[in-house]
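Peer 1: First the structure, then my questions, so here it is.
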Amino acid sequence: MNPLRELELSMTRRQLFGKTAMGVGTAALHRLLAGSGMLAGLGELGMAQGQLPKGINFPAKAKNVIYLFMNGGPSQVDLWDYKPKMSDIFDKELPNEIRRGQRITTMTSGQTRFPVAPSKYKFEKHDNGEEGVWVSELLPHTSSVVKELCVVKSMWTEAINHDPAVTYIQTGSQLPGRPSMGAWLSYGLGSENENLPAYVVLHSKVSSGKVDQALFSRLWGTGFLPSEHQGVSLRSAGDPVLYLKDPNGVDRSTRRAMLDDVAAMNHMQLDEFGDPEIAARIAQYEMAYKLQTSVPDLMDISKESDATFELYGKEAKEPGTFAANCLLSRRLVERGVRFIQIFHRGWDQHGNLTGDLPTQCKDVDQACAALIKDLKRTGLLDETLVIWGGEFGRTIYCQGPLSRANYGRDHHPRCFTIWMAGGGVQPGVYGQTDDFSYNIVDKDGKVIDPSVDEFTPGAVHVHDLHATILNQLGVDHKKLTYRYQGRDFRLTDVHGHVVKDLIK
(Lines give C-alpha, C1' and ligand atoms only; values in the text may rest on other atoms or scores of the structure.)
Protein backbone atom coordinates (compact mmCIF):
# COMPACT_ATOMS: atom_id res chain seq x y z
CA MET A 1 0.00 0.00 0.00
CA ASN A 2 1.08 3.59 -0.68
CA PRO A 3 1.67 5.29 2.73
CA LEU A 4 0.78 8.73 1.35
CA ARG A 5 -2.50 7.42 -0.07
CA GLU A 6 -3.27 5.73 3.27
CA LEU A 7 -2.71 9.05 5.05
CA GLU A 8 -5.07 10.83 2.65
CA LEU A 9 -7.80 8.24 3.21
CA SER A 10 -7.47 8.43 6.99
CA MET A 11 -7.80 12.21 7.08
CA THR A 12 -11.00 13.64 8.45
CA ARG A 13 -12.55 16.68 6.81
CA ARG A 14 -11.52 18.78 9.78
CA GLN A 15 -7.94 17.49 9.60
CA LEU A 16 -7.83 18.30 5.89
CA PHE A 17 -8.79 21.91 6.55
CA GLY A 18 -6.23 21.99 9.34
CA LYS A 19 -3.49 21.16 6.82
CA THR A 20 -4.71 23.40 4.01
CA ALA A 21 -6.11 26.84 3.30
CA MET A 22 -3.50 28.66 5.39
CA GLY A 23 -4.39 26.79 8.57
CA VAL A 24 -8.11 27.51 8.79
CA GLY A 25 -8.53 24.94 11.54
CA THR A 26 -5.63 26.38 13.52
CA ALA A 27 -7.02 29.91 13.33
CA ALA A 28 -10.38 28.71 14.60
CA LEU A 29 -8.66 26.76 17.34
CA HIS A 30 -6.74 29.83 18.46
CA ARG A 31 -9.98 31.73 18.93
CA LEU A 32 -11.50 28.92 20.98
CA LEU A 33 -8.59 28.04 23.22
CA ALA A 34 -6.57 31.20 23.79
CA GLY A 35 -6.20 31.95 27.43
CA SER A 36 -7.24 28.49 28.58
CA GLY A 37 -3.70 27.58 29.57
CA MET A 38 -3.27 25.22 26.62
CA LEU A 39 -2.51 27.96 24.08
CA ALA A 40 -1.01 30.94 25.86
CA GLY A 41 0.01 34.28 24.40
CA LEU A 42 -2.07 34.30 21.25
CA GLY A 43 -2.76 38.02 21.53
CA GLU A 44 -5.86 39.73 20.18
CA LEU A 45 -7.22 36.61 18.45
CA GLY A 46 -7.78 34.87 21.75
CA MET A 47 -10.83 34.51 23.97
CA ALA A 48 -10.25 33.38 27.52
CA GLN A 49 -12.05 30.33 28.84
CA GLY A 50 -15.33 31.41 30.43
CA GLN A 51 -15.09 34.97 29.14
CA LEU A 52 -17.34 36.27 26.40
CA PRO A 53 -15.93 38.73 23.86
CA LYS A 54 -16.56 42.38 24.56
CA GLY A 55 -20.08 43.41 23.58
CA ILE A 56 -21.73 40.05 24.25
CA ASN A 57 -21.97 40.19 28.00
CA PHE A 58 -23.23 42.77 30.49
CA PRO A 59 -23.79 42.81 34.27
CA ALA A 60 -25.56 39.59 35.23
CA LYS A 61 -28.37 39.15 37.73
CA ALA A 62 -27.74 35.41 38.03
CA LYS A 63 -24.61 33.29 38.08
CA ASN A 64 -26.13 29.83 38.00
CA VAL A 65 -29.20 27.97 36.73
CA ILE A 66 -30.99 24.98 38.26
CA TYR A 67 -33.49 23.59 35.76
CA LEU A 68 -36.04 21.17 37.26
CA PHE A 69 -37.41 19.43 34.18
CA MET A 70 -40.65 17.44 34.53
CA ASN A 71 -40.38 15.20 31.49
CA GLY A 72 -43.68 14.20 29.92
CA GLY A 73 -45.73 17.38 30.23
CA PRO A 74 -47.30 18.20 33.63
CA SER A 75 -51.00 19.04 33.56
CA GLN A 76 -51.33 22.78 34.09
CA VAL A 77 -55.10 22.26 34.41
CA ASP A 78 -54.63 20.16 37.55
CA LEU A 79 -51.70 22.04 39.10
CA TRP A 80 -51.54 25.75 38.26
CA ASP A 81 -54.19 26.96 35.83
CA TYR A 82 -57.37 27.03 37.93
CA LYS A 83 -60.53 26.78 35.81
CA PRO A 84 -63.56 26.55 38.15
CA LYS A 85 -66.12 27.09 35.37
CA MET A 86 -65.27 23.72 33.88
CA SER A 87 -67.13 21.91 36.67
CA ASP A 88 -70.41 23.19 35.23
CA ILE A 89 -69.76 21.67 31.80
CA PHE A 90 -68.41 18.27 32.80
CA ASP A 91 -68.54 15.83 29.85
CA LYS A 92 -69.74 18.55 27.46
CA GLU A 93 -68.09 18.80 24.04
CA LEU A 94 -65.11 21.17 23.70
CA PRO A 95 -66.53 24.07 21.63
CA ASN A 96 -65.14 24.48 18.11
CA GLU A 97 -64.56 28.18 18.75
CA ILE A 98 -62.19 27.19 21.55
CA ARG A 99 -60.30 24.54 19.63
CA ARG A 100 -60.03 26.91 16.63
CA GLY A 101 -58.91 24.14 14.28
CA GLN A 102 -55.71 23.49 16.21
CA ARG A 103 -54.08 20.18 15.47
CA ILE A 104 -54.25 17.31 17.91
CA THR A 105 -52.12 14.19 18.31
CA THR A 106 -52.82 10.88 16.63
CA MET A 107 -53.63 9.48 20.07
CA THR A 108 -56.91 11.39 20.25
CA SER A 109 -57.54 12.25 16.59
CA GLY A 110 -59.67 9.10 16.29
CA GLN A 111 -61.97 10.02 19.17
CA THR A 112 -65.54 10.80 18.20
CA ARG A 113 -65.86 13.23 21.13
CA PHE A 114 -63.67 15.68 23.02
CA PRO A 115 -65.45 15.88 26.38
CA VAL A 116 -64.42 18.48 28.94
CA ALA A 117 -62.71 16.96 32.00
CA PRO A 118 -62.63 19.42 34.92
CA SER A 119 -59.86 18.97 37.45
CA LYS A 120 -60.98 16.96 40.45
CA TYR A 121 -58.47 18.72 42.69
CA LYS A 122 -59.10 21.67 44.97
CA PHE A 123 -57.21 24.91 44.49
CA GLU A 124 -56.29 27.56 47.03
CA LYS A 125 -55.21 31.13 46.38
CA HIS A 126 -51.88 32.20 47.85
CA ASP A 127 -50.36 35.63 48.23
CA ASN A 128 -47.98 36.52 45.41
CA GLY A 129 -48.23 40.18 44.61
CA GLU A 130 -51.45 41.94 43.63
CA GLU A 131 -53.47 39.05 42.19
CA GLY A 132 -52.19 36.01 44.06
CA VAL A 133 -51.64 32.53 42.65
CA TRP A 134 -54.05 29.59 42.64
CA VAL A 135 -52.19 26.38 43.51
CA SER A 136 -53.48 22.81 43.48
CA GLU A 137 -53.83 20.79 46.67
CA LEU A 138 -51.29 18.40 45.10
CA LEU A 139 -48.53 20.96 45.75
CA PRO A 140 -48.87 21.94 49.43
CA HIS A 141 -45.13 22.52 49.93
CA THR A 142 -44.60 24.50 46.74
CA SER A 143 -47.52 26.72 47.72
CA SER A 144 -45.51 27.77 50.79
CA VAL A 145 -42.91 29.49 48.57
CA VAL A 146 -45.32 31.10 46.11
CA LYS A 147 -44.13 34.57 47.10
CA GLU A 148 -40.79 33.73 45.48
CA LEU A 149 -42.25 32.39 42.23
CA CYS A 150 -42.76 33.96 38.84
CA VAL A 151 -45.58 31.79 37.47
CA VAL A 152 -45.81 31.89 33.68
CA LYS A 153 -49.16 30.56 32.45
CA SER A 154 -48.67 31.48 28.81
CA MET A 155 -45.77 29.31 27.66
CA TRP A 156 -46.28 27.84 24.20
CA THR A 157 -44.46 25.72 21.64
CA GLU A 158 -45.06 24.46 18.10
CA ALA A 159 -44.05 20.88 19.01
CA ILE A 160 -46.90 18.52 19.89
CA ASN A 161 -45.02 15.25 20.45
CA HIS A 162 -42.51 14.45 23.19
CA ASP A 163 -39.18 14.02 21.44
CA PRO A 164 -39.31 17.17 19.29
CA ALA A 165 -40.83 19.14 22.18
CA VAL A 166 -38.16 18.09 24.68
CA THR A 167 -35.41 18.59 22.09
CA TYR A 168 -36.85 22.05 21.37
CA ILE A 169 -36.88 23.29 24.94
CA GLN A 170 -33.44 21.78 25.61
CA THR A 171 -31.65 22.95 22.46
CA GLY A 172 -33.77 25.59 20.73
CA SER A 173 -34.53 23.29 17.79
CA GLN A 174 -37.02 20.47 17.25
CA LEU A 175 -34.40 18.61 15.22
CA PRO A 176 -31.58 16.74 17.01
CA GLY A 177 -28.03 17.93 16.57
CA ARG A 178 -27.98 21.40 18.16
CA PRO A 179 -26.08 22.21 21.38
CA SER A 180 -28.07 22.08 24.61
CA MET A 181 -28.71 25.21 26.65
CA GLY A 182 -26.24 24.09 29.30
CA ALA A 183 -23.58 23.54 26.64
CA TRP A 184 -24.13 27.06 25.31
CA LEU A 185 -23.69 28.47 28.81
CA SER A 186 -20.57 26.40 29.40
CA TYR A 187 -19.15 27.61 26.09
CA GLY A 188 -20.05 31.23 26.74
CA LEU A 189 -19.44 31.60 30.46
CA GLY A 190 -17.36 28.64 31.60
CA SER A 191 -17.32 27.40 35.17
CA GLU A 192 -16.36 29.16 38.38
CA ASN A 193 -14.77 25.96 39.66
CA GLU A 194 -11.89 24.46 37.69
CA ASN A 195 -12.36 21.12 39.49
CA LEU A 196 -15.96 20.60 38.39
CA PRO A 197 -17.64 20.83 34.99
CA ALA A 198 -19.74 23.86 34.12
CA TYR A 199 -22.73 21.65 33.27
CA VAL A 200 -24.02 18.77 35.41
CA VAL A 201 -27.04 16.53 34.73
CA LEU A 202 -28.90 14.57 37.42
CA HIS A 203 -31.54 11.89 36.78
CA SER A 204 -34.15 11.21 39.45
CA LYS A 205 -35.87 8.01 40.47
CA VAL A 206 -39.64 7.89 39.97
CA SER A 207 -41.69 6.32 42.74
CA SER A 208 -44.36 5.03 40.38
CA GLY A 209 -41.79 3.42 38.10
CA LYS A 210 -43.65 4.96 35.15
CA VAL A 211 -41.03 6.34 32.79
CA ASP A 212 -42.61 6.09 29.35
CA GLN A 213 -40.54 8.72 27.54
CA ALA A 214 -36.86 8.14 26.83
CA LEU A 215 -34.18 10.73 27.55
CA PHE A 216 -31.25 10.73 25.16
CA SER A 217 -27.76 12.01 25.93
CA ARG A 218 -28.02 14.44 23.03
CA LEU A 219 -30.40 16.48 25.23
CA TRP A 220 -27.39 17.53 27.28
CA GLY A 221 -24.89 17.20 24.44
CA THR A 222 -22.79 19.79 22.63
CA GLY A 223 -23.94 19.36 19.05
CA PHE A 224 -21.32 21.20 17.01
CA LEU A 225 -19.74 22.98 20.00
CA PRO A 226 -16.43 21.58 21.36
CA SER A 227 -17.25 18.41 23.25
CA GLU A 228 -15.81 19.53 26.60
CA HIS A 229 -18.98 21.60 27.04
CA GLN A 230 -21.34 18.61 27.21
CA GLY A 231 -23.24 17.93 30.41
CA VAL A 232 -21.62 15.49 32.82
CA SER A 233 -24.27 13.04 33.98
CA LEU A 234 -23.77 11.93 37.59
CA ARG A 235 -24.98 8.39 38.35
CA SER A 236 -27.27 7.77 41.32
CA ALA A 237 -25.92 4.28 42.08
CA GLY A 238 -22.35 3.10 42.40
CA ASP A 239 -19.62 5.50 41.36
CA PRO A 240 -21.12 8.91 40.42
CA VAL A 241 -18.85 8.98 37.35
CA LEU A 242 -17.51 5.75 35.85
CA TYR A 243 -13.78 5.00 35.77
CA LEU A 244 -12.81 7.83 38.09
CA LYS A 245 -11.09 5.56 40.58
CA ASP A 246 -7.44 4.71 40.00
CA PRO A 247 -6.93 1.02 39.08
CA ASN A 248 -5.42 -1.27 41.68
CA GLY A 249 -1.69 -0.68 41.94
CA VAL A 250 -1.84 2.80 40.39
CA ASP A 251 -1.27 5.70 42.77
CA ARG A 252 -1.97 9.38 42.15
CA SER A 253 1.56 10.27 41.12
CA THR A 254 1.61 7.46 38.57
CA ARG A 255 -1.78 8.55 37.23
CA ARG A 256 -0.51 12.13 36.94
CA ALA A 257 2.60 11.03 35.07
CA MET A 258 0.50 8.92 32.69
CA LEU A 259 -1.84 11.82 31.93
CA ASP A 260 1.11 14.13 31.33
CA ASP A 261 2.54 11.70 28.79
CA VAL A 262 -0.85 11.26 27.09
CA ALA A 263 -1.30 15.05 27.01
CA ALA A 264 2.13 15.45 25.41
CA MET A 265 1.21 13.00 22.64
CA ASN A 266 -2.16 14.68 22.15
CA HIS A 267 -0.45 18.06 21.86
CA MET A 268 1.75 16.65 19.12
CA GLN A 269 -1.40 15.58 17.25
CA LEU A 270 -2.96 18.96 17.94
CA ASP A 271 0.04 20.79 16.51
CA GLU A 272 0.02 18.56 13.43
CA PHE A 273 -3.69 18.48 12.59
CA GLY A 274 -5.23 21.46 14.41
CA ASP A 275 -8.34 19.45 15.29
CA PRO A 276 -10.30 21.21 18.10
CA GLU A 277 -11.60 17.84 19.27
CA ILE A 278 -8.05 16.87 20.26
CA ALA A 279 -7.93 19.95 22.49
CA ALA A 280 -11.32 18.93 23.89
CA ARG A 281 -9.91 15.48 24.70
CA ILE A 282 -6.97 17.03 26.55
CA ALA A 283 -9.35 19.20 28.59
CA GLN A 284 -11.61 16.24 29.37
CA TYR A 285 -8.72 14.10 30.63
CA GLU A 286 -7.69 16.92 32.92
CA MET A 287 -11.23 17.37 34.18
CA ALA A 288 -11.54 13.64 34.86
CA TYR A 289 -8.35 13.79 36.96
CA LYS A 290 -9.73 16.69 38.97
CA LEU A 291 -13.09 14.96 39.40
CA GLN A 292 -11.34 12.14 41.25
CA THR A 293 -11.04 14.41 44.28
CA SER A 294 -13.87 16.90 43.77
CA VAL A 295 -16.74 14.44 43.17
CA PRO A 296 -16.34 12.41 46.39
CA ASP A 297 -16.36 15.65 48.38
CA LEU A 298 -19.43 16.84 46.46
CA MET A 299 -21.35 13.62 47.07
CA ASP A 300 -20.52 13.41 50.79
CA ILE A 301 -23.64 14.82 52.44
CA SER A 302 -22.80 13.45 55.89
CA LYS A 303 -22.01 16.93 57.18
CA GLU A 304 -25.40 18.35 56.20
CA SER A 305 -27.45 19.30 59.25
CA ASP A 306 -30.50 17.48 60.56
CA ALA A 307 -32.49 20.63 59.82
CA THR A 308 -31.48 20.37 56.16
CA PHE A 309 -32.69 16.78 55.87
CA GLU A 310 -35.90 17.71 57.65
CA LEU A 311 -36.37 20.49 55.09
CA TYR A 312 -35.85 18.26 52.04
CA GLY A 313 -37.43 15.15 53.54
CA LYS A 314 -36.04 11.75 54.44
CA GLU A 315 -35.74 10.83 50.75
CA ALA A 316 -32.84 13.29 50.50
CA LYS A 317 -30.61 10.67 52.13
CA GLU A 318 -31.35 8.19 49.33
CA PRO A 319 -29.10 8.79 46.30
CA GLY A 320 -30.94 9.33 43.06
CA THR A 321 -34.21 10.62 44.48
CA PHE A 322 -35.47 13.99 43.36
CA ALA A 323 -34.97 15.29 46.89
CA ALA A 324 -31.36 14.09 46.98
CA ASN A 325 -30.71 15.69 43.60
CA CYS A 326 -32.19 19.00 44.72
CA LEU A 327 -29.91 18.99 47.77
CA LEU A 328 -27.00 18.07 45.50
CA SER A 329 -27.86 20.95 43.17
CA ARG A 330 -27.53 23.40 46.04
CA ARG A 331 -24.10 21.96 46.79
CA LEU A 332 -23.15 22.28 43.11
CA VAL A 333 -24.21 25.92 43.07
CA GLU A 334 -22.12 26.54 46.17
CA ARG A 335 -19.15 25.18 44.23
CA GLY A 336 -19.70 27.40 41.21
CA VAL A 337 -21.25 24.97 38.72
CA ARG A 338 -22.93 27.08 36.06
CA PHE A 339 -25.87 24.93 34.94
CA ILE A 340 -27.51 22.02 36.77
CA GLN A 341 -30.36 20.09 35.22
CA ILE A 342 -32.51 17.65 37.16
CA PHE A 343 -34.74 15.36 35.12
CA HIS A 344 -37.83 13.75 36.62
CA ARG A 345 -39.76 11.47 34.27
CA GLY A 346 -43.28 10.02 34.18
CA TRP A 347 -45.50 13.11 33.72
CA ASP A 348 -47.20 11.76 30.58
CA GLN A 349 -50.70 11.02 31.88
CA HIS A 350 -52.86 10.04 28.90
CA GLY A 351 -54.96 7.92 31.23
CA ASN A 352 -55.35 7.32 34.96
CA LEU A 353 -54.21 10.87 35.68
CA THR A 354 -55.68 10.89 39.17
CA GLY A 355 -53.80 7.69 39.96
CA ASP A 356 -50.41 8.84 38.66
CA LEU A 357 -50.27 12.62 39.10
CA PRO A 358 -50.42 12.63 42.93
CA THR A 359 -47.45 10.26 43.06
CA GLN A 360 -45.45 12.44 40.68
CA CYS A 361 -46.22 15.54 42.72
CA LYS A 362 -45.29 13.83 45.97
CA ASP A 363 -41.89 12.97 44.47
CA VAL A 364 -41.03 16.62 43.76
CA ASP A 365 -43.23 18.93 45.84
CA GLN A 366 -41.35 19.10 49.13
CA ALA A 367 -37.93 19.13 47.47
CA CYS A 368 -38.86 22.01 45.14
CA ALA A 369 -39.97 24.13 48.09
CA ALA A 370 -36.94 23.04 50.13
CA LEU A 371 -34.56 24.05 47.35
CA ILE A 372 -36.05 27.56 47.21
CA LYS A 373 -35.91 27.92 51.00
CA ASP A 374 -32.40 26.47 51.23
CA LEU A 375 -31.02 28.76 48.53
CA LYS A 376 -32.64 31.74 50.22
CA ARG A 377 -31.31 30.71 53.64
CA THR A 378 -27.77 30.43 52.29
CA GLY A 379 -27.99 33.70 50.34
CA LEU A 380 -27.76 31.97 46.97
CA LEU A 381 -31.29 32.51 45.65
CA ASP A 382 -30.65 36.03 44.40
CA GLU A 383 -27.90 34.78 42.09
CA THR A 384 -29.41 31.39 41.20
CA LEU A 385 -32.20 31.09 38.65
CA VAL A 386 -34.46 28.10 39.39
CA ILE A 387 -36.83 26.90 36.65
CA TRP A 388 -39.60 24.28 36.89
CA GLY A 389 -41.62 22.91 33.98
CA GLY A 390 -42.02 20.40 31.18
CA GLU A 391 -42.06 20.39 27.39
CA PHE A 392 -45.78 21.22 26.97
CA GLY A 393 -49.08 21.01 28.86
CA ARG A 394 -52.24 18.86 28.77
CA THR A 395 -55.67 19.24 27.21
CA ILE A 396 -58.86 20.18 29.05
CA TYR A 397 -60.64 17.46 27.09
CA CYS A 398 -60.38 13.85 28.17
CA GLN A 399 -58.45 11.11 26.47
CA GLY A 400 -60.01 7.72 27.06
CA PRO A 401 -62.73 6.95 29.64
CA LEU A 402 -64.07 9.92 31.62
CA SER A 403 -65.55 10.07 35.09
CA ARG A 404 -65.60 12.65 37.86
CA ALA A 405 -63.00 10.58 39.70
CA ASN A 406 -60.58 9.78 36.87
CA TYR A 407 -59.61 10.84 33.37
CA GLY A 408 -56.65 11.24 31.03
CA ARG A 409 -55.31 14.22 29.10
CA ASP A 410 -53.51 14.51 25.77
CA HIS A 411 -50.57 16.75 24.86
CA HIS A 412 -51.30 20.47 24.57
CA PRO A 413 -48.56 22.81 23.29
CA ARG A 414 -50.69 25.95 22.89
CA CYS A 415 -50.50 27.02 26.52
CA PHE A 416 -48.78 25.54 29.56
CA THR A 417 -47.33 26.68 32.87
CA ILE A 418 -43.79 26.96 34.15
CA TRP A 419 -42.39 28.82 37.13
CA MET A 420 -39.11 30.53 37.88
CA ALA A 421 -37.57 31.82 41.10
CA GLY A 422 -34.52 33.81 42.13
CA GLY A 423 -31.97 35.07 39.64
CA GLY A 424 -33.58 38.48 39.29
CA VAL A 425 -37.01 37.34 38.09
CA GLN A 426 -40.13 39.21 39.17
CA PRO A 427 -42.48 37.22 41.46
CA GLY A 428 -46.09 37.21 40.35
CA VAL A 429 -48.21 35.81 37.52
CA TYR A 430 -47.52 36.41 33.85
CA GLY A 431 -49.95 35.58 31.05
CA GLN A 432 -53.51 34.30 31.07
CA THR A 433 -55.46 31.57 29.34
CA ASP A 434 -59.12 31.19 28.41
CA ASP A 435 -61.68 29.40 30.60
CA PHE A 436 -60.65 26.07 29.05
CA SER A 437 -56.88 26.51 29.50
CA TYR A 438 -56.69 26.01 25.75
CA ASN A 439 -55.61 29.39 24.35
CA ILE A 440 -53.59 32.35 25.54
CA VAL A 441 -55.71 35.47 25.98
CA ASP A 442 -54.99 39.16 26.50
CA LYS A 443 -56.09 41.24 29.49
CA ASP A 444 -59.56 41.65 27.97
CA GLY A 445 -60.01 37.90 27.52
CA LYS A 446 -59.55 38.01 23.74
CA VAL A 447 -57.74 35.02 22.26
CA ILE A 448 -54.37 35.92 20.81
CA ASP A 449 -52.50 33.81 18.29
CA PRO A 450 -48.80 34.02 19.15
CA SER A 451 -47.83 32.10 16.03
CA VAL A 452 -48.97 35.00 13.82
CA ASP A 453 -46.49 37.54 15.14
CA GLU A 454 -42.86 36.92 16.04
CA PHE A 455 -43.47 38.30 19.50
CA THR A 456 -46.90 38.68 21.09
CA PRO A 457 -47.04 40.44 24.47
CA GLY A 458 -48.50 38.10 27.05
CA ALA A 459 -47.21 34.95 25.37
CA VAL A 460 -43.85 33.30 26.05
CA HIS A 461 -42.38 31.11 23.35
CA VAL A 462 -39.56 28.61 23.91
CA HIS A 463 -37.11 31.02 22.24
CA ASP A 464 -38.35 33.86 24.47
CA LEU A 465 -37.70 31.73 27.55
CA HIS A 466 -34.16 30.99 26.36
CA ALA A 467 -33.51 34.65 25.57
CA THR A 468 -34.72 35.68 29.03
CA ILE A 469 -32.60 33.05 30.79
CA LEU A 470 -29.47 34.18 28.93
CA ASN A 471 -30.32 37.79 29.72
CA GLN A 472 -30.40 37.04 33.44
CA LEU A 473 -26.93 35.52 33.11
CA GLY A 474 -25.67 38.67 31.45
CA VAL A 475 -25.64 37.33 27.88
CA ASP A 476 -27.15 38.89 24.77
CA HIS A 477 -28.79 35.91 23.11
CA LYS A 478 -28.31 37.43 19.65
CA LYS A 479 -24.55 37.65 20.08
CA LEU A 480 -23.69 34.32 21.70
CA THR A 481 -23.02 32.50 18.42
CA TYR A 482 -20.88 29.74 16.97
CA ARG A 483 -19.99 29.50 13.30
CA TYR A 484 -20.71 26.08 11.84
CA GLN A 485 -21.06 25.06 8.18
CA GLY A 486 -20.85 28.69 7.11
CA ARG A 487 -23.57 29.99 9.42
CA ASP A 488 -23.56 31.68 12.82
CA PHE A 489 -25.78 29.54 15.06
CA ARG A 490 -27.25 30.55 18.41
CA LEU A 491 -29.50 28.99 21.06
CA THR A 492 -32.49 31.12 19.99
CA ASP A 493 -31.90 30.45 16.28
CA VAL A 494 -33.25 33.60 14.53
CA HIS A 495 -36.02 34.24 17.05
CA GLY A 496 -36.53 35.11 20.68
CA HIS A 497 -37.18 38.22 22.76
CA VAL A 498 -36.31 38.98 26.36
CA VAL A 499 -39.62 39.12 28.24
CA LYS A 500 -38.91 42.18 30.36
CA ASP A 501 -42.09 41.80 32.43
CA LEU A 502 -40.63 38.60 33.89
CA ILE A 503 -37.57 40.30 35.35
CA LYS A 504 -36.89 42.94 37.97
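The values are calculated or read from the model by the stated rules, or taken from the named source; none is laboratory data. Because the structure is predicted, anything quoted here is derived from the model rather than measured. Note that each Cβ is placed from the backbone with ideal geometry, even for glycine, and that neighbours are counted across all protein chains shown.
Peer 1: Among the strands (runs of 3 or more DSSP E) contained in the range 78-157, which hold 1 or more residues that are exposed (fewer than 14 other Cβ atoms within 10 Å of the Cβ) and over 24 Å from the mean Cα position of the chain (by Cα)?
Peer 2: Result: 123-126.
Peer 1: Let me ask something additional. Which of the residues spanning the range 401-431 are within 16 Å of Ser119 (Cβ to Cβ) and not in a strand (DSSP E or B)?
Peer 2: Across the range 401-431, the qualifying residues are Leu402, Ser403, Arg404, Ala405, Asn406, Tyr407, Gly408, Cys415.
Peer 1: Here's a follow-up. Exactly one of these conditions fails for Trp347: (1) surrounded by 16 or more Cβ atoms within 10 Å (Cβ to Cβ); (2) outside any loop (DSSP other than H, G, I, E, B); (3) modelled with pLDDT of 95 or more. Give me its number.
Peer 2: Exception for Trp347: condition (2).
Peer 1: Here's something else I'd like to know. Within the range 179-186, is even one residue free of Cβ contacts under 8 Å to residues at least 60 places away in the same chain and either surrounded by 18 or more Cβ atoms within 10 Å (Cβ to Cβ) or more than 30 Å from Lys83 (Cβ to Cβ) (or both)?
Peer 2: Yes: one or more hits.
Peer 1: Please specify each residue of the range 432-463 satisfying the condition of being in a strand (DSSP E or B) and in contact (Cβ under 8 Å) with a residue 24 or more places away in the chain.
Peer 2: Gln432, Thr433, Ile440, Val447, Val460, His461 - these are the residues of the range 432-463 that are in a strand (DSSP E or B) and in contact (Cβ under 8 Å) with a residue 24 or more places away in the chain.
Peer 1: Consider Thr481 against the criteria (1) under 17 Å from the mean Cα position of the chain (by Cα); (2) of a type in the set (Ser, Thr, Tyr); (3) at pLDDT below 95: it satisfies all of them except one. Which criterion is unmet?
Peer 2: The single condition Thr481 does not satisfy is (1).
Peer 1: Go through the range 302-335 and report how many residues are over 19 Å from Ser233 (Cβ atoms), of a type outside the set (Ser, Thr, Tyr) and out of contact with any Ser or Thr (no Cβ under 6 Å at 6 or more places or on another chain).
Peer 2: Residues in the range 302-335 being over 19 Å from Ser233 (Cβ atoms), of a type outside the set (Ser, Thr, Tyr) and out of contact with any Ser or Thr (no Cβ under 6 Å at 6 or more places or on another chain): 12 in total.
Peer 1: Which of the following residues is out of contact with any helix residue (DSSP H, G or I) (no Cβ under 8 Å at 6 or more places or on another chain), free of Cβ contacts under 8 Å to residues at least 60 places away in the same chain and within 28 Å of Phe343 (Cα to Cα): Glu137, Glu93, Glu97, Glu124?
Peer 2: None of the others qualify; the one that does is Glu137.
Peer 1: Please pick out the residue among Arg414, Arg394 that is in contact with a strand residue (DSSP E or B) (Cβ under 8 Å, 6 or more places away or on another chain), charged (D, E, K, R), assigned by TED's automatic domain parsing to the domain that holds Tyr67 and under 21 Å from Val206 (Cβ atoms).
Peer 2: Testing whether each residue is in contact with a strand residue (DSSP E or B) (Cβ under 8 Å, 6 or more places away or on another chain), charged (D, E, K, R), assigned by TED's automatic domain parsing to the domain that holds Tyr67 and under 21 Å from Val206 (Cβ atoms) leaves just Arg394.
Peer 1: Failed condition for Arg409, given (1) surrounded by fewer than 24 Cβ atoms within 10 Å (Cβ to Cβ); (2) more than 20 Å from the chain's Cα centre (by Cα), with all others met?
Peer 2: If we test Arg409 against (1) surrounded by fewer than 24 Cβ atoms within 10 Å (Cβ to Cβ); (2) more than 20 Å from the chain's Cα centre (by Cα), just (1) comes out false.
Peer 1: Could you say whether any residue in the range 439-458 is within 24 Å of Ser143 (Cα to Cα) and at pLDDT below 95?
Peer 2: Scanning the range 439-458, I find at least one residue that is within 24 Å of Ser143 (Cα to Cα) and at pLDDT below 95, so the answer is yes.
Peer 1: Is it true that some residue in the range 283-292 is within 26 Å of Asp261 (Cα to Cα), modelled with pLDDT under 75 and touching an Asp or Glu at 6+ places or on another chain (Cβ under 6 Å)?
Peer 2: yes
Peer 1: Among all residue pairs at least 6 apart or on different chains, which show Cβ distances below 7 Å where the first residue, located in the range 320-331, is of a type in the set (D, E, K, R) and the second is surrounded by fewer than 24 Cβ atoms within 10 Å (Cβ to Cβ)?
Peer 2: Close Cβ pairs (under 7 Å, with a partner that is surrounded by fewer than 24 Cβ atoms within 10 Å (Cβ to Cβ)) amount to Arg330/Asp374; Arg331/Leu298.
Peer 1: Being surrounded by 14 or more Cβ atoms within 10 Å (Cβ to Cβ) and modelled with pLDDT of 90 or more: is that true of Lys210 here?
Peer 2: Against the criterion (surrounded by 14 or more Cβ atoms within 10 Å (Cβ to Cβ) and modelled with pLDDT of 90 or more), Lys210 does not qualify.
Peer 1: Within the group Thr395, Thr354, which residue is farther than 24 Å from His497 by Cβ, touching a residue at least 40 places away in the same chain (Cβ under 8 Å) and in a strand (DSSP E or B)?
Peer 2: From the options Thr395, Thr354, the qualifying one is Thr395.
Peer 1: Does Leu328 qualify as being in contact with a Lys or Arg (Cβ under 9 Å, 6 or more places away or on another chain) and assigned to a helix (DSSP H, G or I)?
Peer 2: So Leu328 does not fit the description; no.
Peer 1: Scan the range 112-124 for residues that are under 19 Å from Phe436 (Cα atoms) and either of a type in the set (S, T, N, Q) or out of contact with any Leu (no Cβ under 8 Å at 6 or more places or on another chain) (or both) and jot them down.
Peer 2: Arg113, Pro118, Ser119, Lys120, Lys122, Phe123, Glu124
Peer 1: Now for a separate question. Restricting the range 434-460 to residues that are of a type outside the set (A, V, I, L, M) and in contact with a Ser or Thr (Cβ under 7 Å, 6 or more places away or on another chain), which is surrounded by the most Cβ atoms within 10 Å (Cβ to Cβ)?
Peer 2: Here the answer is Asn439.
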